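Visitor: Structure in structure tokens, see below.
The values are calculated or read from the model by the stated rules, or taken from the named source; none is laboratory data. No experiment lies behind these values; they were computed from the predicted model shown. Ideal geometry is used to build each Cβ from the backbone, glycine not excepted, and the neighbour counts take in all protein chains shown. In case anyone asks, the SASA skips ligands and DNA or RNA and just uses the protein heavy atoms, side chains included. Shrake-Rupley method; radii C 1.70, N 1.55, O 1.52, S 1.80 Å.
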Amino acid sequence: MIKILFIDDDIQTLRLMKTEAEILGHESYICPSSGDALQHVLNSNPDLILVDVNMQEYNGFQIVQQIRTL
């Protein structure tokens with residue numbers, strides 16, 4: 001089992017990904033706000049992070065750059 005963090009501003013997509021990951025036996029977390037992404041990374045300590053690249057506040061590339069600095 002791995003811990004997965006999904007970051008996306010589309011709540012329906014997040015719910016679908018979370019459900020599918022949990023069906024496969026993984027622990028999953030969702031973050032609907034790109035502005036809160038770093039805090040979610042620190043709180044959940046995920047093994048895998050899946051990020052939408054097209055979000056309003058920050059895009060996925062910016063979030064990944066910020067995560068790399070942690």
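Visitor: Residue by residue through the stretch 18-31, what is 3J(HN,Hα) from phi via Karplus (6.51 cos²θ - 1.76 cosθ + 1.60, θ = phi - 60°)? Round to whole Hz and write x for glycine and proline.
Guide: 3J(HN,Hα) across the stretch 18-31, in whole Hz: 4, 4, 5, 5, 5, 4, 7, x, 9, 7, 9, 10, 10, 9.
Visitor: Given a 1.4 angstrom probe, what's the average accessible area per residue across the chain, in square angstrom?
Guide: 66 Å²
Visitor: Based on alpha-carbon centroids, what's the gap between the stretch 52-70 and the stretch 21-47 in Å, whole number please?
Guide: So the separation of the two Cα centres works out to 14 Å.
Visitor: Right, something else. Considering only protein heavy atoms and a 1.4 Å probe, what is the carbon-and-sulfur percentage of the accessible area of the chain?
Guide: Exposed carbon and sulfur together represent 51 percent of the surface.
Visitor: Quick one: the Cα spread of the chain along its three principal axes, in angstroms, biggest first?
Guide: 30, 25, 15
Visitor: Further question on the same structure: Taking the Cα centre of the chain as origin, sum charge times position over the Cβ atoms of Lys and Arg (+1) and Asp and Glu (-1), and report the length of that vector in debye to the nearest 20.
Guide: For the chain, the charge dipole is close to 180 debye.
Visitor: For the chain, modelled as a GNM with alpha-carbon contacts under 10 angstrom, which of 49, 23, 11 fluctuates the most?
Guide: The residue that fluctuates most here is 23.
Visitor: So what is the 222 nm mean residue ellipticity for the chain from helices alone, if each DSSP H run of at least 4 adds -39500 (n - 2.57) and you divide by all residues, rounding to the nearest 500 deg cm²/dmol?
Guide: Here the helix-only value at 222 nm equals -12500 deg cm²/dmol.
Visitor: For Cα pairs less than 8 Å apart in space and 6+ apart in sequence, what is the mean separation divided by the residue count of the chain, i.e. the relative contact order in percent?
Guide: After rounding, I find 38 percent.
Visitor: Got a sec? Charge dipole of the chain, +1 on Cβ for Lys and Arg, -1 for Asp and Glu; which of 44, 62, 12 is way out at the positive end?
Guide: In the chain, that residue is 44.
Visitor: Across the stretch 7-12, in residue order, what do the Karplus-derived ³J(HN,Hα) couplings come to in whole Hz, using 6.51 cos²θ - 1.76 cosθ + 1.60 with θ = phi - 60° and x for Gly and Pro?
Guide: Here the 3J(HN,Hα) series is 10, 7, 8, 9, 5, 5 Hz.
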